[in-house]
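I have placed the structure first, in the form of C-alpha cells, so that the comments after it can refer back to it.
Just so it is clear, none of the values below were taken in a lab; they were calculated from the coordinates. Since the structure is predicted, the reported quantities are computational estimates derived from the model, not experimental observations. No Cβ is skipped: glycine too gets one built from the backbone with ideal geometry, and neighbour counts run over all protein chains shown.
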Amino acid sequence: MRILFYLVIGVGIVFLIGLEFLWLSPDYNIGTVESGSMSPALNPGDLVITTRPQEKIKPGIVVIYNQGNEVIIHRVVKIEDGQLKTKGDAQEQPDQWLVPISGVKGVYLFKIPRLGYLASFIGTPFYQVSIGMFFIALIVVYGSLRKKEVKSETAKLD
C-alpha cells in the first residue's frame, strides 16, 4: 500500500513538474480547446501544447493565432502571398480571413485529452482551497502510514 502511495505521488509530481516547465518556458504554450471546430483531432477540454514556429509553416500543420480577441487553433490549408488560409477540421468551409505568417503564435505539438478541464479549474478560487485540502490529506495519510510503520518496528523490538 505504501509503495503504491509513493508511486502515485512520484508520478504525479513528475507530471506536474513537466507541465510547469512547459508553462514557464518561453518556447512553449499550453491552452485548452474550447470548441469542436477541430474535431475529431482536437476536442473541447483537450489540453494543447504548442511551440513557437521554428520551421517553415506548410499546409497540413495546425497553428494557433489570434483573430481579434479570440484565440484560434486551426489547420493550414493553403498559403497565399505569405498569408495562411486556415480551416477547422470539423468545418466544411475555410475561414473567411487570412492569417499573416507573423501572426502565428504557435504550432501544435501534442494534446492531453480532457486535461484542459483541469487547467481551467486551476484558475478558479475553488482550486486554491481544493489543492490546500489535497496536500493536507497527503500529509495526514503519510503521517498515518509512518505512525503504523513506527508501531510495527516498536512491536518487533519488544
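Mind listing the phi-derived Karplus ³J(HN,Hα) values for segment 47-64, rounded to whole Hz, using 6.51, -1.76 and 1.60 with θ = phi - 60°, and x for any glycine or proline?
Karplus values, whole Hz, x for Gly and Pro: 8, 10, 9, 10, 10, 4, x, 10, 10, 4, 7, 9, x, x, 7, 8, 10, 10.
How many nm separate the modelled label positions at LEU16 and LYS58, each set 7 Å beyond the Cα in the direction of the Cβ?
4.2 nm
Collect residues whose amide H, placed 1.01 Å from N in the peptide plane, falls under 5 Å from the amide H of LEU109; neighbours closer than 5 in sequence don't count.
Here the answer is ILE49, THR50, THR51, since their amide H atoms fall under 5 Å of that of LEU109.
Among rounded, prolate and oblate, which fits segment 1-49 when a ≥ b ≥ c are the square roots of the eigenvalues of its C-alpha gyration tensor, a/c under 1.5 means rounded, and a/b larger than b/c means prolate?
It comes out oblate by the Cα gyration axes.
Hey, got a sec? Which trypsin sites (Lys or Arg not before Pro) in segment 1-92 land in a DSSP loop and have at most 16 other Cβ atoms within 10 Å? Intermediate values should be presented prior to the final figure.
Working: sites: ARG2, LYS56, ARG75, LYS78, LYS85, LYS87; in loops: LYS56.
Within segment 1-92, the qualifying trypsin sites (Lys or Arg not before Pro) (loop, at most 16 other Cβ atoms within 10 Å) are LYS56.
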